[in-house]
Amino acid sequence: MAHNPLRQSPLAHLGLIARAGQGADDAGIILTEAPFTDHIGLRGDGADTAFAGAVEKVLGFALPISPNTVTGKAKKTALWLGPDEWLIVVPFGAADKLIAALGKALTDVHSAVFDVSDSRTVISLSGANARHVLAKGCGLDLHPRTFGPGSCAQSTLALAHILIHQTDTAYRLYIHRSFAEYLWAWLEDAGAEFGVSISTP
Amino acid sequence: MFLIPCPWCGERDEEEFSYGGEAHIERPKDPDALSDAEWADYLFMRKNPKGTHFERWNHAHGCRRWFNAKRDTVTHVIEAVYKMGEEKP
Ligand SMILES: [Zn+2]
């Protein structure tokens, strides 16, 4: 018999939807799993105008060239991972079309485009004490003078490799799926002193 | 916390990096022409200075790039970092 082709979040067994809304109103941190976005890995020389120009034409905006920054809009963002490496995040189901378009535009350019949608899930962390919770397990300087909306960085959080993207409203924590349950449990534990509220995406 | 300045990401915690040993060791152009002792020297022998050392680091948990650093092995002060392919300061 065929397997169920539906995607399953690595946190599906935690019953997060059933627990949503049970936290205190004044909880210091709000945790939300934001599963099922499509992720595309992109490699190429950001300083090569043929590469950067072709990608910009397909995306509709320029790749971030400045280290640890993000460009794009809510439904299509590009995160800087390295001087020749980016992660492009789009809604569920949008990757195939974008990968085909990028592949076509980059035919004659030294580059690589690949689907990594299922490698990570995203945990959204917000609330008044969000930064204090991250500070317990992450060596990054997340003070607003160095890190704010539009910043991203790879580091470790509670010893797990993490990609952090700060938006206007939350820290989006990209975590490899085999570490997702561990990190969620750690976040609930680390946030307990501030009060934890779980919300639905 | 020991901070290491990545040439791309800036100062980051030592925990994000892995060490790559002595820098600027060039592979012999014609290995067949070397004696066993010369080949062993290339493969195994490394400097272990008290003071200035040129070494490779990898920003393993960050941008994953290799780079070079000039570090004082006594004080741990990192006097310079520079990208692969750039001149030694
Ligand atoms: Zn780096």
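Rounding to the nearest 20 debye, state how big the charge dipole of the range A:38-117 is about its Cα centre with +1 on each Lys and Arg Cβ and -1 on each Asp and Glu Cβ. Before the final figure, lay out the partial values.
Numbers: 7 positive and 9 negative charges, 73 e Å.
Approximately 340 debye in magnitude.
In Å and on Cα atoms, what radius of gyration and Dmax does the protein assembly as shown show?
Values for the protein assembly as shown (Cα only, Rg and Dmax): 22.3, 76 Å.
Of all accessible surface on the protein assembly as shown at a 1.4 Å probe, what whole percent is carbon and sulfur? Present the calculation step by step, with values, prior to reporting the outcome.
Working: 8310 of 15630 Å².
With neighbouring chains kept in place, the figure for the protein assembly as shown is 53 percent.
Counting pairs of alpha carbon atoms under 8 Å apart in space and at least six apart in sequence, what relative contact order in percent does chain A give?
On the way: 390 pairs, mean separation 61.7, N = 201.
Computed value for chain A: 31 percent relative contact order.
Just want to confirm a number: the relative contact order over chain B, from Cα pairs under 8 angstrom separated by 6+ residues, in percent.
On the way: 134 pairs, mean separation 24.2, N = 89.
Over chain B, the number comes to 27 percent.
Kindly tabulate the residues in the range A:145-180 with an accessible-area decrease of at least 30 Å² between the chain alone and the assembly of all protein chains, using a probe of 1.4 Å.
Listed in order, they are A:Gln154, A:Thr156, A:His161.
Hey, got the dipole for the range A:89-179? About the Cα centre, +1 on K and R Cβ, -1 on D and E Cβ, debye to the nearest 20?
Values: 8 positive and 6 negative charges, 54 e Å.
In total the dipole reaches around 260 debye.
Per residue, how many Å² of accessible area does chain A show with a 1.4 Å probe?
On the way: 9890 Å² over 201 residues.
It amounts to 49 Å² per residue over chain A.
Order A:Thr156, A:Thr71 by their accessible area, 1.4 angstrom probe, all chains in place, largest first.
Working: A:Thr156 5, A:Thr71 40 Å².
So the residues, ranked largest to smallest area, are A:Thr71, A:Thr156.
Once the whole set of protein chains is in place, how much accessible area is left on A:Glu85, using a 1.4 Å probe, in Å² to the nearest 10?
20 Å²
In whole Hz and in residue order, list the ³J(HN,Hα) couplings for the range A:101-106 that follow from phi through the Karplus curve 6.51 cos²θ - 1.76 cosθ + 1.60, θ = phi - 60°; x for Gly and Pro.
Once θ is set to phi - 60°, the couplings for the range A:101-106 become 5, 5, x, 5, 5, 9 Hz.
Could you tell me which Cys residues in the protein assembly as shown have no other cysteine's Cβ under 4.7 Å from their own Cβ, answering none if every one has a partner?
Those would be A:Cys138, A:Cys152, B:Cys63, since no other cysteine Cβ in the protein assembly as shown comes under 4.7 Å of theirs.
State in Å² the accessible area per residue of chain B; use a 1.4 Å probe, count heavy atoms of protein chains only, and round to the nearest integer. Could the numbers behind the result be given before it?
Numbers: 5740 Å² over 89 residues.
Dividing the accessible area of chain B by its residue count gives 65 Å².
Over both sides of the B-A contact, add up the buried accessible area with a 1.4 Å probe and give it to the nearest 100 Å². Spell out each step's value before the answer.
Details: alone 6320 and 10430 Å², together 15630 Å².
Result for this pair: about 1100 Å² buried.
Give the total of Lys-Lys pairs in chain A with Cα-Cα distances below 29 Å; include a pair only if its members are 8 or more places apart or on different chains.
The result is 11.
Charges only on Cβ, +1 for Lys and Arg, -1 for Asp and Glu: so what's the dipole of the protein assembly as shown about the Cα centre, in debye to the nearest 20?
Value, rounded to 20: 620 debye.
The values are calculated or read from the model by the stated rules, or taken from the named source; none is laboratory data. Please read these numbers as outputs of a predicted model, since none were measured by experiment. Backbone-built Cβ (ideal geometry, glycine too); neighbour counts: all protein chains shown. Accessible surface areas use protein heavy atoms only, side chains included; no ligands, DNA or RNA. Shrake-Rupley method; radii C 1.70, N 1.55, O 1.52, S 1.80 Å.
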